[in-house]
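Every read-out reported here was derived from the displayed coordinates using simple, explicitly stated rules and does not represent laboratory data. Since this is a predicted model, take the numbers as computed values, not measurements. Cβ sites come from the backbone with ideal geometry, for glycine too, and all protein chains shown count toward neighbours.
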Amino acid sequence: MSKFKKTLLGSISALLLTGMVGVATQAVASDERFYGRFTQDNELYTPRDYRGWIFIGSSVTPNELNDGAAAFPEFHNVYIDPGSYNHWKRTGEFRSGTVIVKELASVGATAAPSGNGYFQGDFGGIAAMVKNEKRYPDNPGNWAYFGFSADSNHGAIQDEAACSACHQQNAAEDQVFTQFYPVLRAAKPGE
Ligand code: HEC
């Protein structure tokens with residue numbers, strides 16, 4: 001084979017290799033795509049498709065166990081965006097860009113063919129927390145907390161005392177109550 005041909009072949013295989021690496025990098029990137037959409041004031045547009053995200057758990061604090069007056073007597077159905085879940089599975093960390101949505105569902109029936117208990121009734125509102133280094137550089141852990149109302153298409157950032165303070169103090173990992181989410185604990189590398 002001529003020297004020229006050899007060089008040409010070498011260049012082609014180098015090009016092919018570069019192409020393959022490019023494809024592999026893209027696959028990881030799309031696996032971890034970002035889900036939060038933000039207003040110019042860094043407030044989160046009301047998430048719409050979260051019921052198709054990764055469902056990580058559902059806690060319920062019923063009135064019966066709280067002197068008849070629980071602060072939130074509903075179920076809390078919690079979802080994490082798929083890109084951040086994939087990142088968590090790889091690294092065991094909540095990446096900048098994580099969106100976690102908590103949706104309330106009322107306690108409906110308290111008896112079913114399976115036994116007495118708490119069964120979900122109807123959906124109530126949602127709340128969310130978002131970690132983002134660039135948007136919330138001064139917030140502890142770069143987390144912002146959002147409340148939503150039906151008459152707005154985006155959430156309103158909540159005061160630290162209203163949300164973050166309790167999460168900072170009591171949540172097991174980076175302000176997220178992983179102690180109540182076996183789905184996350186099981187997916188964490190090395191656990
Ligand atoms: C007094 C403590 C406390 C306060 C205040 C509080 N939370 Fe939480 N939050 C919890 C606990 C405990 C859980 C997990 C168990 C549950 O859902 O009941 C939770 C769960 C969540 C979750 C699901 C992810 C996670 O970290 O477990 C979101 C999202 C959330 N809260 C948002 C908010 C927002 C928004 C506010 C303010 C409007 C708020 N929280 C105020 C204690 C608190």
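Of all residues in the stretch 69-109, which are free of Cβ contacts under 8 Å to residues at least 12 places away in the same chain and more than 12 Å from the ligand (Cβ to nearest atom)?
Residues of the stretch 69-109 free of Cβ contacts under 8 Å to residues at least 12 places away in the same chain: 69-71.
Hit for the stretch 69-109 is ALA69, nothing else.
What are the residues in the stretch 131-148 that are assigned to a loop (DSSP other than H, G, I, E, B) and near the ligand (Cβ under 10 Å from one of its atoms), if any? So that I can check it myself, show each step before the final result.
Our first condition is that a residue be assigned to a loop (DSSP other than H, G, I, E, B); within the stretch 131-148, this holds for 132-139, 148.
The one that is assigned to a loop (DSSP other than H, G, I, E, B) and near the ligand (Cβ under 10 Å from one of its atoms): PHE148.
I'd like the full set of residues that are assigned to a loop (DSSP other than H, G, I, E, B), among the charged types (D, E, K, R) and more than 22 Å from ASN132 (Cβ to Cβ), limited to the stretch 171-191.
GLU191
Sort out which residues of the stretch 157-191 are more than 18 Å from the chain's Cα centre (by Cα) and more than 9 Å from the ligand (Cβ to nearest atom), and write them in order of number.
GLU160, GLY190, GLU191
Quick one: in the stretch 149-170, of everything that is among the small types (Gly, Ala, Ser) and assigned to a helix (DSSP H, G or I), which residue is surrounded by the most Cβ atoms within 10 Å (Cβ to Cβ)? Explain how you work it out, then say what you get.
The initial filter retains those residues of the stretch 149-170 that are among the small types (Gly, Ala, Ser), namely 149-150, 152, 155-156, 161-162, 164-165.
Filter once more, keeping what is assigned to a helix (DSSP H, G or I): 164-165.
Values: SER164: 20, ALA165: 12.
In this case the residue turns out to be SER164.
So which residues in the stretch 57-68 are away from the ligand (no atom under 13 Å from the Cβ) and in a helix (DSSP H, G or I), if there are any at all?
The answer is ASN63, GLU64.
Give all pairs with beta carbons closer than 8 Å in which a residue from the stretch 39-68 that is touching a residue at least 24 places away in the same chain (Cβ under 8 Å) and surrounded by 15 or more Cβ atoms within 10 Å (Cβ to Cβ) meets a residue that is part of a loop (DSSP other than H, G, I, E, B) and among the acidic types (Asp, Glu); count only pairs at least 6 apart in sequence or on separate chains.
TYR50/ASP81; TRP53/ASP81; ILE54/ASP81; VAL60/GLU74
Please determine, by comparing only the residues of the stretch 115-154 that are hydroxyl-bearing (Ser, Thr, Tyr) and closer than 25 Å to PHE72 by Cα, which one is nearest to the chain's Cα centre (by Cα).
Here the answer is TYR145.
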